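Single-structure report; data block below.
The values are calculated or read from the model by the stated rules, or taken from the named source; none is laboratory data. Here the structure is a predicted model, which is why all the values come from computation and not from measurement. A quick note on method: Cβ atoms are made from the backbone with ideal geometry, for glycine too, and the neighbour counts reach across all protein chains shown. Accessible surface areas use protein heavy atoms only, side chains included; no ligands, DNA or RNA. Shrake-Rupley method; radii C 1.70, N 1.55, O 1.52, S 1.80 Å.
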Amino acid sequence: MSVFRSSRFSRLEPYVPGEQPRERTYIKLNTNESPYPPSPAVLQAVRRASETLNLYCDPTALRLRQAAARVYGVEPEAVLPVNGSDEILNFAVMAFCDGRIPIACPEITYGFYPVLAALHGVKLRQVPLRADLTVDHRDFLSQNCTVMIANPNAPTGLALSLSEIEEIVRSNEKNVVVIDEAYVDFGAESAVALTKKYRNLLVTRTFSKSHSLAGARLGFGIADPGLIADLAAVKDSTNPYNVNAMTQAAGIAALEDNGFYMENCRRVAATRDETATALRAMGFELTASVSNFLFARHPAIPGEELYAKLRERGILVRHFSTPSIADYVRITVGSPREMQALVEALREILA
Ligand code: PMP
């Protein structure tokens with residue numbers, strides 16, 4: 001740290017993303033990307049948009065909002081495109097939390113929530129999971145907090161039902177409830193339709209997983225236009241051109257091709273379930289993930305060792321050192337061939 005850093009940020013503990021190694025090619029099952037490339041229409045749209053990179057992009061991302069609104073069944077004023085959904089989470093903490101309004105979230109969840117709380121000096125109430133790693137939605141009723149829940153949750157892959165989410169939203173009418181739907185397209189129920197009924201609900205989406213655009217950085221906030229206006233005010237006070245021209249074009253083309261991506265999500269879900277069956281047959285215990293990753297442990301081998309042995313064999317998975325989940329590894333669902341390689345490597349390791 002230099003002597004110049006503001007005292008406000010002297011004790012930052014930044015988020016540590018999953019490894020993105022460049023020194024050799026791994027079978028990359030560590031950051032929940034899609035194994036499938038973007039559709040040809042997306043590639044063409046990006047190429048076309050790149051021809052006018054001398055000009056600023058549309059800071060209101062109007063066409064992208066219109067395309068998203070059509071797919072999600074809401075008004076364009078109910079959508080805010082962002083530079084990856086991490087950005088909308090940051091905007092939400094800035095817009096809806098402060099020294100008096102803390103955040104409540106599950107104790108085991110996406111690691112960015114505590115980082116954002118600390119960044120903005122917001123208190124965090126971390127609610128333990130049940131022993132089976134599920135979230136008890138009753139713990140989040142009538143809180144005097146901004147509630148932040150990933151549904152499905154990460155890294156467990158387990159989801160709350162839509163009626164449980166609605167109960168949380170209804171019982172917290174004086175506060176904002178953020179439902180992070182990064183993984184919803186792989187098998188959970190979306191709360192997007194509820195944004196038309198409840199003005200305190202913000203649903204966040206990412207195109208990093210379901211829509212093969214992790215490298216383009218695109219996410220959305222979907223909420224009542226009042227909440228979206230609050231978030232847009234923060235956006236325009238930090239980075240008005242937050243979604244670049246190529247990503248806006250990619251997003252529009254991807255939304256116009258939504259069926260293609262939903263079919264990819266179904267393929268990933270089928271591969272997930274086949275891999276889960278193979279792993280259970282080898283003695284692994286897994287959560288009933290409805291996401292694009294598996295969360296697995298084996299009684300014969302600690303999570304960290306499993307991670308290291310797979311890495312030696314050219315397969316990257318994610319291990320978290322948090323004691324309550326240190327036995328586990330999180331395995332992104334890749335292509336059927338990648339998962340076959342994973343299963344073979346695991347067989348070798350266990351032998
Ligand atoms: N929410 C959850 C639960 C995630 O796992 C991730 C991916 N790391 C994100 C949000 C952020 O995704 P992105 O910024 O790529 O849209």
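In table form, for the structure just shown:
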quantity	calculated
Mean-position separation - Cα centroids, segment 192-234 and segment 314-333, in angstrom	28
For the chain, convex hull volume per residue from C-alpha positions, Å³	149
Residues of the chain: accessible area per residue with a 1.4 Å probe, Å²	46
Heavy-atom accessible surface of segment 120-255: percent carbon and sulfur, 1.4 Å	49
Given charges at beta-carbon only (K, R positive; D, E negative), |dipole| of the chain in Debye	480
Nearest-0.05 FRET efficiency for Glu107 and Glu75, computed from C-beta distance (R0 41 Å)	0.70
Greater than 30 Å apart at Cα, pairs in Lys123/Lys309; Lys174/Lys235; Lys209/Lys235; Lys28/Lys235; Lys28/Lys196	Lys123/Lys309; Lys28/Lys235; Lys28/Lys196
Approximate spin-label separation Ser50-Leu12, in nm, with each point projected 7 Å along Cα-to-Cβ	3.1
Antiparallel DSSP beta bridges within segment 40-256, as percent of all bridges there, nearest 5	40
Net charge over other residues, Cβ less than 11 angstrom from the Cβ of Ala150 (K, R count +1; D, E count -1)	-2
Two-site label geometry, Lys174 and Glu19: point separation in nm, points 7 Å out along Cα→Cβ	4.9
Top of Met339, Met282, Met148 by mean-square fluctuation, Gaussian network on the chain, Cα under 10 Å	Met282
Which of Pro336, Leu346, Tyr261, positive extreme of dipole for segment 258-347 (C-beta unit charges)	Tyr261
Length-normalised contact order for the chain - Cα pairs under 8 Å, 6+ apart - percent	23
Calculated [θ] (222 nm, deg cm²/dmol) that DSSP helices of n ≥ 4 give over the chain, each run adding -39,500 (n - 2.57)	-11500 deg cm²/dmol
FRET efficiency for Ala278 and Tyr241, using Cβ-Cβ distance with R0 set to 41 Å, rounded to 0.05	0.35
Around Thr31: net Lys/Arg minus Asp/Glu count, Cβ-Cβ under 15 Å	+3
FRET efficiency, 1/(1 + (r/R0)^6) with R0 30 Å, evaluated for Glu285 and Ala118 via beta carbons	0.35
Virtual spin-label span in nm between Arg347 and Asp58, 7 Å along Cα→Cβ	5.3
Gain upon complete extension [Glu263, Glu167; 0.36 nm per residue less C-alpha separation]	31.5 nm
